[in-house]
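These notes concern the structure reproduced below.
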Amino acid sequence: MKSFGNSELDFSQLVKYSLDTIFVLQDCKVIYVNQAAFDLLGLKYPDQIIGVEFDRFLHPVFHDIFRERLERVGRGEVTELMEQKMIKSDGEMIDVEVMAAPYIVDHQTLAQIRVRDITIRKNTESRIYNLEKLSSIGQMAAGIAHEVRNPLTTVKGFFQLLQKELNHSYFPIIVDELDNAIKTLNNLLQVAKPDFDNEANVSINLCSELDSLIFLFQEKLYNVTVTKIFRDSDREVVGKKNLILKAFFNLIKNAVEAIEGKGEIIVEHFYKNGRIHVKIHDTGMGIPKEQIRILGTPFFSTKTDGTGMGLTQVFTTIHEHGGHVHVESELRKGTIFYVELPCKSV
Ligand SMILES: Nc1ncnc2c1ncn2[C@@H]1O[C@H](COP(=O)(O)OP(=O)(O)OP(=O)(O)O)[C@@H](O)[C@H]1O
Ligand SMILES: [Mg+2]
């Protein structure tokens, strides 16, 4: 095989196809960008960026610091990595990490700006932060729920005894409402302290369990087609069966409830890279963008009879099992919940 010398290597290709976004600036104006920059900023044509001041793509909060860092580059310094925000061509804000260094051509110091998209990392960080917040709120709530549930259960017991001696048309309503309150507290306890029931870990074949769960919705599904795409159906996950089934029950229930009139629910199962992936796709009403962020917050519900604990249970359970939930949704088009869980090793 031929070995290449430096003179034969075309290093410009390294820049052109680099995964990092690279901008070259002359006096704050962009004079070169690589392909990754087009992808990052959602640009189509060179004239959307070439000759344009770099600030245009930067959140105004960072304009001063950017100029100051550029001056340092002019003096030959390499600036440290800094988190900033850039603005895409459609106005969307993205989190990035930026570094600037001198790039000397013909005795002139230009600036090379390297930008890395850190949206995924930022989202994960905020999820973890929310989860931590949730777990401390959860612990408090669990304590209170526990204290309130016991007297309520006692009240219900005595009330039922009383019903044997007395009769009144209000009594069934009182028992119903007590049941609702106890059910809510039980839900809260299960979500806030998933170990509450101290369930043992067992092997779970998600395909057959998903099959049974879908069957539970049979009577609600006359206008809804359910398509099952189950691949790798012999694979299993390990975990607390009741909690995991409840999580998938909650996701399917939401999918069913999101569809008014006719629609479709597609449930997919497959194995990839050591993980089991389950995708629950509905063609329902979709979720507004600003609400996607708060999904999973206890008691967040847009339904008149919803408790808003369904997704809290889903997120808590899947994370407790080392998994991950991702949501994509478009208004009036539908929603996809992607769930992945570690696969049991064979
Ligand atoms: N597949 C979906 N399509 C559209 N909106 C959804 C979907 N899943 C969840 N949501 C939205 O998220 C909110 C919270 O869901 P969550 O399951 O936590 O509570 P809920 O469904 O309202 O009440 P509960 O689960 O107690 O019946 C819902 O009220 C709804 O607005
Ligand atoms: Mg729900």
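Bear in mind these aren't lab numbers, they're just calculated from the coordinates by the rules spelled out. All values reported here derive from a predicted model rather than from experimental measurement. Glycine gets a Cβ as well: all are built from the backbone with ideal geometry, and neighbour counts include every protein chain shown.
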- Message: Ranking request for peptides 287-295, 319-327: highest mean number of other beta-carbon atoms within 10 Å first, then the rest in descending order.
- Response: 319-327, 287-295
- By a straight-distance test (C-alpha under 20 Å), which aspartates and glutamates pair with Lys262 as possible cross-link partners, with residues fewer than eight away in the same chain excluded? Glu219, Asp282, Glu330
- When the Karplus curve 6.51 cos²θ - 1.76 cosθ + 1.60 is applied with θ = phi - 60°, which whole-Hz ³J(HN,Hα) does each residue of segment 173-188 get, with x for Gly and Pro? 5, 4, 5, 4, 5, 4, 4, 4, 4, 5, 5, 4, 5, 4, 4, 4
- Could you name the lysines in cross-link range of Lys16, using Cα to Cα under 21 Å and dropping any fewer than eight places away on the same chain? Lys29, Lys44, Lys88
- Residues whose modelled amide H sits under 5 Å from the amide H of Arg275, counting only those 5 or more places away in sequence or on another chain, are Cys343
- Note on the structure: Sorted by chain and number, the residues with a modelled amide H under 5 Å from that of Val226, at a separation of 5 or more or across chains, are Ile265
- Note on the structure: Note to self: C-alpha centroids of segment 61-122 and segment 139-154 sit apart, in Å, by 53 Å
